[in-house]
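S.K.: One structure follows; several queries about it will come next.
The values are calculated or read from the model by the stated rules, or taken from the named source; none is laboratory data. The structure displayed is predicted, hence computed values, not measured ones. Here the Cβ positions follow ideal geometry from the backbone for every residue, glycine too, while neighbour counts run over all protein chains shown. The protein model used for the area step is the full one, side chains on, heavy atoms only, and it has no ligands, DNA or RNA in it. Shrake-Rupley method; radii C 1.70, N 1.55, O 1.52, S 1.80 Å.
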Amino acid sequence: MRGLAAMLGKEWLELARSWKWLWVPLVFILLGIMQPVSYYFLPQLLDAAGNLPEGAVISIPLPSGGEILAGTLEQYGIFGALIIALSFMGAVSQERNTGTGALILVKPVSPAAFVLSKWLAMAALVAASLAAGYAASWYYTVVLIGPVAVGNAMAGAALYALWLLVVGSSALMFSALWKSPAAAAFSALGTFAALALLTSLFPRQLAWSPGRLPAASRELLLEGAAGSLWPTVAVTALCVIGSVLIAVRAVRAHPAD
Amino acid sequence: MDFHWSDPKLWQIIGPVVVVQLILMVAALTALIKAEHTRGPKWVWAIVIVVVNIIGPVAFFLFGRRMDG
């Protein structure tokens, strides 16, 4: 794994130069805050929208803290995954296009270090953004809505962290396999959207699938239990490792255009 | 829970949301000014960033800059 430290420094700089260190966490924070705030103001919003006869009484059961956090995570599962996949769709292919990939790989840097540094940068960004956004959402939920079961809330977020990681890893893999960044983002998002859909259709047969992560997180936050999750977690971890290995092979076989 | 636009409690709640949105907008505008090449004219991006809430800055960060420039 020659050159990993130097490559990590490069990827860090890349994240800073592309402003990702700023805007991705900020968007996660906004998504996180909006969930509890919009629920809190729901009666006023409905009132302001008008159309209700005079004297109509709307009583909306205020959701529990866990429900709000589950909603926040759902937003991250959709919009967060979209942002992560779109930000890393060109991670490898762009370096091939511009020729920097070839320049780097003639230096004593192994393809494994090249891919792993990108993966670590992506994982750090995912973890930091999710943590910042979720903390903001949690704070607002406790202040405006109500208490939250700490253990379940943490576990629910950990499952989504894994979900975002597997989506990001596959975006990285497709960016090493295919020339077009758009095709890479589309493949990564399509794969996992299809997986989530299939898993919701066949929950028993596909209980081990990474597509179960979002639903399991929701169950954990709403009902406090989600059954055995180790097969899902193990298969997801294998998918992440597999994506990285395939990306390394693709870079080794095809370092430049 | 009855709010008016001058209610300080309302601003205590949504103040941080407004501040984060402003930071995002200013960051995107700064990146736009600094960028040497953008996809499409800069003034269009400036309008998009200022007018379209959240999605405008995000769209610029994702698609607006050319990495090779």
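S.K.: Am I reading the A/B interface right? What is its buried accessible area, both sides, 1.4 Å probe, to the nearest 100 Å²?
M.R.: About 2100 Å² of accessible surface is lost on pairing.
S.K.: What are the residues whose amide H is under 5 Å from the amide H of A:SER110, where those residues sit 5 or more places off or on another chain and H is modelled from the backbone?
M.R.: Here A:ARG2 satisfy the definition.
S.K.: Using a simple charge model, +1 on the beta-carbon of Lys and Arg, -1 on the beta-carbon of Asp and Glu, nothing else, what dipole does chain A show about its Cα centre, in debye to the nearest 20?
M.R.: For chain A, the charge dipole is close to 1160 debye.
S.K.: Taking all protein chains in place and a 1.4 Å probe, what share, in percent, of the accessible surface of chain A do carbon and sulfur account for?
M.R.: On the way: 8360 of 11900 Å².
Solvent-exposed carbon and sulfur of chain A make up 70 percent of the total.
S.K.: List the residues of the stretch A:234-257 whose backbone N lies under 17 Å from a point placed 7 Å from the Cα of A:ALA207 along the Cα-to-Cβ direction.
M.R.: Hits in the stretch A:234-257 for A:ALA207 at 17 Å: A:234-236.
S.K.: Got a sec? Charge dipole of the protein assembly as shown, +1 on Cβ for Lys and Arg, -1 for Asp and Glu; which of A:LEU165, A:VAL251, A:ALA155 is way out at the positive end?
M.R.: Ranked along the dipole, the leading option is A:VAL251.
S.K.: Could I ask something else about it? Leaving out ligands and nucleic acids, and using a 1.4 Å probe, what accessible area per residue does chain A come to in Å²?
M.R.: Numbers: 11900 Å² over 257 residues.
Here the residues of chain A average 46 Å² of exposed surface.
S.K.: Taking the stretch A:1-86, which GluC sites (Glu not before Pro) meet the DSSP loop condition and have no more than 12 other C-beta atoms within 10 Å?
M.R.: Passing sites in the stretch A:1-86 are A:GLU54.
S.K.: Moving on to the next point. For the stretch B:46-55, take each phi angle, set θ = phi - 60°, evaluate the Karplus expression 6.51 cos²θ - 1.76 cosθ + 1.60, and give the result in whole Hz per residue in order, putting x for glycine and proline.
M.R.: Using θ = phi - 60°, the values come out as 4, 5, 4, 5, 7, 7, 8, 4, 6, 5 Hz.
S.K.: What ³J(HN,Hα) values, in whole Hz, does the Karplus curve 6.51 cos²θ - 1.76 cosθ + 1.60 give for the stretch A:35-45 when θ = phi - 60°, with x put for Gly and Pro?
M.R.: 4, x, 5, 5, 5, 4, 8, 3, x, 5, 5
S.K.: Comparing the chain by itself with all protein chains present, which residues of the stretch A:2-40 are at least 50 Å² less accessible (probe 1.4 Å)?
M.R.: A:TRP19, A:TRP23, A:LEU26, A:LEU30, A:TYR40
S.K.: Could you tell me how many degrees, from 0 to 90 and to the nearest 10, lie between the Cα long axis of helix A:150-177 and the main elongation axis, the longest principal axis, of the Cα atoms of chain A?
M.R.: Computed tilt is about 40 degrees.
S.K.: How much solvent-accessible surface does B:ARG39 expose, in Å² to the nearest 10, with a 1.4 Å probe and all protein chains in place?
M.R.: Roughly 110 Å² of B:ARG39 is accessible to a 1.4 Å probe.
S.K.: Would you kindly derive the ³J(HN,Hα) couplings of the stretch A:5-16 from the backbone phi angles with the Karplus curve 6.51 cos²θ - 1.76 cosθ + 1.60 (θ = phi - 60°), listing them in order in whole Hz, with x for Gly and Pro?
M.R.: Each residue's phi maps through the Karplus curve to give 4, 5, 5, 4, x, 5, 5, 4, 4, 4, 4, 5 Hz.
S.K.: Below 8 Å between Cα atoms, with a sequence gap of 6+, how large is the relative contact order for the stretch A:135-234 in percent?
M.R.: Numbers: 86 pairs, mean separation 28.5, N = 100.
This gives 29 percent for the stretch A:135-234.
S.K.: Based on the alpha-carbon gyration tensor of chain A, what equivalent-ellipsoid semi-axes (square roots of 5 times the eigenvalues) come out, in whole Å, largest first?
M.R.: Details: eigenvalues 292, 82, 51 Å².
Working through the eigenvalues yields semi-axes of 38, 20, 16 Å.
S.K.: Using only DSSP helix segments of four residues or longer, with each worth -39500 (n - 2.57), what per-residue ellipticity at 222 nm results for the protein assembly as shown after dividing by its residue count and rounding to 500?
M.R.: -23500 deg cm²/dmol
S.K.: Still on this structure: Between Rg and the Kirkwood Rh of the stretch A:47-98, both from Cα atoms, what is the Rg to Rh ratio?
M.R.: 1.38
S.K.: Related question: How big, on average over all directions, is the shadow cast by the Cα convex hull of the stretch B:8-64, in nm²? Let's see the in-between values first.
M.R.: On the way: hull surface 15.6 nm².
Projected area, direction-averaged: 3.9 nm².
S.K.: Return a whole-number percent for the relative contact order of chain A, with Cα pairs under 8 Å and 6 or more residues apart as the contact set.
M.R.: Details: 342 pairs, mean separation 73.8, N = 257.
Once divided by the residue count of chain A, the mean separation gives 29 percent.
S.K.: How high is the relative contact order of the stretch B:8-64, in percent, counting Cα pairs under 8 Å that sit 6 or more residues apart?
M.R.: Computed value for the stretch B:8-64: 34 percent relative contact order.
S.K.: Of A:ALA185, A:TYR139, B:TRP5, whose Cα points farthest to the positive end of the dipole of the protein assembly as shown (charges on the beta-carbon: +1 Lys, Arg; -1 Asp, Glu; origin at the Cα centre)?
M.R.: Of the candidates, A:ALA185 comes out farthest on the positive side.
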